[in-house]
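Asker: Here it is, the structure, as structure tokens.
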Amino acid sequence: MLSGIATDTHPVPSKGKEELIREINLLRKERNAVILAHYYQDPEIQDIADFIGDSLELSRKAESTNADVIVFCGVHFMAETAKIICPNKEVLLPDLDAGCTLADDCPSEEFADFCSKYPNHFVISYINCSAAVKAQSDLICTSSNAVDLVKQLPKETPILFAPDKNLGRWVERESGRKLICWQGSCSVHETFSEEALLKLKLQYPEAEILAHPECQENLLELSDFIGSTSKLLKQVEISSSETFIILTEPGIIHQMRISMPLKKFIEVPGLDGCSCNSCPYMRLNTLDKVLNCLTNMSPKIQLDKKLIKDAYLPIKKMLDMSN
Ligand code: 13P
Ligand code: SF4
């Protein structure tokens, strides 16, 4: 399923946290490596990262880094995007099984069939997709720039949007443009319970509800502010509210607490009260695995040259259009 290849790994025996961090720090210097982490990583991974960001910021960071090695603490499509942007750098993903249901929901052959049914349509794909899907797209977007990019397209341009139907519906609403959407979704954001949210709203009537646009429509309608992970963090910083109900993966709350230690943040449980609001793929990365990948320079992302070339064009277009 995943296109990165693991070779010759020598697992690092488990060590104490302090020792792991000390060894990671030595190796990151020795290898001239940068550690990029998404907000959904475990707090201990966020704490050792050189840079933490949303998908757009992480792509920009990959584009601008002088490091020879990028350790991408996120999921596969993010590390793959970094490799496409920086084909001459080594891009390591601490756990190659860190996938994404949205990317998996959109196999490239089926996507090609879908696109062929709508000739003359402009194809926008959310960055949460495989390199093979990116290569078939005209433009990539993230949750942070999707509305703005769609608004920049000429009014008469018909648009296909993939793979997230929830993000697509929200972009349609915000941009006033009609989108033909692929029907994929994120298994994590789809588990939030409306009932649990309404109970929390009764318990904390003064709380501001912040949601990621991958949430379902009924939850987005109950929200006060919708945006990418970075935008949610920014909102916590600029809002006069003291209490926030967070409708996204709770890893982001770590940075919210660091930035606004006196404010209160409440997670929304999933359906049946489960804690499945944590992304099981994002959480596969651990300090052990970060040290392991820096030691062995593996698992690394490896992509075909032609695929890199084709997938780069719509990413570059996004970076240029969202300046
Ligand atoms: P952001 O770009 O908002 O960080 O989202 C990435 C993601 O995978 C959300 O589930
Ligand atoms: Fe993919 Fe959802 Fe996890 Fe984001 S939270 S990486 S969309 S499975």
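The values are calculated or read from the model by the stated rules, or taken from the named source; none is laboratory data. These numbers come from a predicted model, not from an experiment. Here Cβ is always computed from backbone atoms with ideal geometry, including for glycine, and neighbour counts include all displayed protein chains. Just so you know, the surface numbers come from the protein's heavy atoms only, side chains and all, with ligands and any DNA or RNA stripped out. Shrake-Rupley method; radii C 1.70, N 1.55, O 1.52, S 1.80 Å.
Asker: Please identify, among 142, 157, 295, the residue showing maximal mean-square fluctuation in a Gaussian network model of the chain using a 10 angstrom Cα cutoff.
Answerer: Comparing 142, 157, 295 in the GNM, the peak value goes to 157.
Asker: I need the peptides 166-175, 263-272 ranked by packing, meaning the mean over residues of other C-beta atoms within 10 angstrom, with the highest value on top. Intermediate results must be reported in sequence, preceding the final value.
Answerer: Values: 166-175: 20.7, 263-272: 16.4.
Highest to lowest by the protection proxy: 166-175, 263-272.
Asker: Relative contact order for the chain: what percent, with Cα pairs under 8 Å and sequence separation of 6 or more? Walk me through the numbers on the way to the answer.
Answerer: Details: 640 pairs, mean separation 81.4, N = 323.
The value is 25 percent.
Asker: Checking the cross-link filter: which lysines have an alpha carbon closer than 22 Å to that of residue 17, excluding same-chain neighbours under 8 positions apart?
Answerer: Of all the lysines, those that pass the test against residue 17 - Cα under 22 Å, at least 8 places apart if same chain - are 29, 289.
Asker: Let me know the shape class of the chain, please: from the alpha-carbon gyration tensor, a ≥ b ≥ c as square roots of the eigenvalues, rounded when a/c is under 1.5, otherwise prolate if a/b is greater than b/c, or oblate.
Answerer: Working: a/c = 1.79, a/b = 1.09, b/c = 1.65.
Oblate shape, in that a/c is at least 1.5 and b/c is the bigger or equal ratio.
Asker: Most mobile of 74, 99, 16 per a Gaussian network model of the chain (Cα springs, under 10 Å)?
Answerer: 16
Asker: Moving on. Where the centroid of each part is defined by its Cα atoms, how far is the stretch 14-54 from the stretch 160-195 in Å?
Answerer: For the stretch 14-54 versus the stretch 160-195, the Cα centre distance is 33 Å.
Asker: Where in the stretch 133-152 does the label zone of residue 108 land, with the point 7 angstrom along Cα→C-beta and an amide N cut-off under 13 Å?
Answerer: Those under the cut-off are 133-137.
Asker: To the nearest 20 debye, what charge dipole does the chain have about its Cα centre, counting +1 at the Cβ of each Lys and Arg and -1 at the Cβ of each Asp and Glu? Working shown, then result.
Answerer: Working: 34 positive and 46 negative charges, 170 e Å.
Taking the Cα centre of the chain as origin, the dipole is about 820 debye.
Asker: What is the extension gain from residue 148 to residue 316, computed as 0.36 nm multiplied by their sequence separation minus the C-alpha to C-alpha distance, in nm to one decimal? Intermediate values should be presented prior to the final figure.
Answerer: Details: separation 168, 0.36 × 168 = 60.48 nm, distance 1.59 nm.
Roughly 58.9 nm would be gained on extension.
Asker: Give me the number: length gained by fully extending residue 243 to residue 218, i.e. 0.36 nm times residue separation minus the C-alpha to C-alpha distance, one decimal in nm. Please report the intermediate quantities before stating the final value.
Answerer: Values: separation 25, 0.36 × 25 = 9.00 nm, distance 2.14 nm.
Fully extending the segment from residue 243 to residue 218 adds 6.9 nm.
Asker: Tell me the mean residue ellipticity at 222 nm calculated for the chain from its helices only (DSSP H runs of n ≥ 4, each -39500 (n - 2.57), averaged over every residue, nearest 500). Spell out each step's value before the answer.
Answerer: Working: 15 runs with 135 residues, N = 323.
Rounded to the nearest 500, it is -12000 deg cm²/dmol.
Asker: Related question: Under a point-charge model restricted to the Cβ atoms of Lys and Arg (+1) and Asp and Glu (-1), what is the dipole moment magnitude of the stretch 222-323 relative to its Cα centre, in debye to the nearest 20? Each step should come with its number before you reach the end.
Answerer: On the way: 13 positive and 10 negative charges, 101 e Å.
Magnitude of the dipole: close to 480 debye.
Asker: Let me ask something else. Before I look further, what does the stretch 165-207 give for accessible area per residue, probe 1.4 Å, in whole square angstrom?
Answerer: Details: 2140 Å² over 43 residues.
In whole numbers, the stretch 165-207 has 50 Å² accessible per residue.
Asker: Along the charge dipole of the stretch 98-225, Cβ charges K/R +1 and D/E -1, which of 123, 175, 158 sits furthest on the positive end?
Answerer: Positive-most Cα among the choices belongs to 158.
Asker: Sort out for me the Cα centre separation of the stretch 289-319 from the stretch 87-139, rounded to whole Å.
Answerer: If we compute the Cα centre of each part, the gap is 13 Å.
Asker: Additional query: For residue 201 and residue 263, calculate 0.36 nm times their separation in residues minus their Cα-Cα distance, and state this gained length in nm to one decimal.
Answerer: Working: separation 62, 0.36 × 62 = 22.32 nm, distance 1.65 nm.
Contour length minus Cα-Cα distance gives 20.7 nm.
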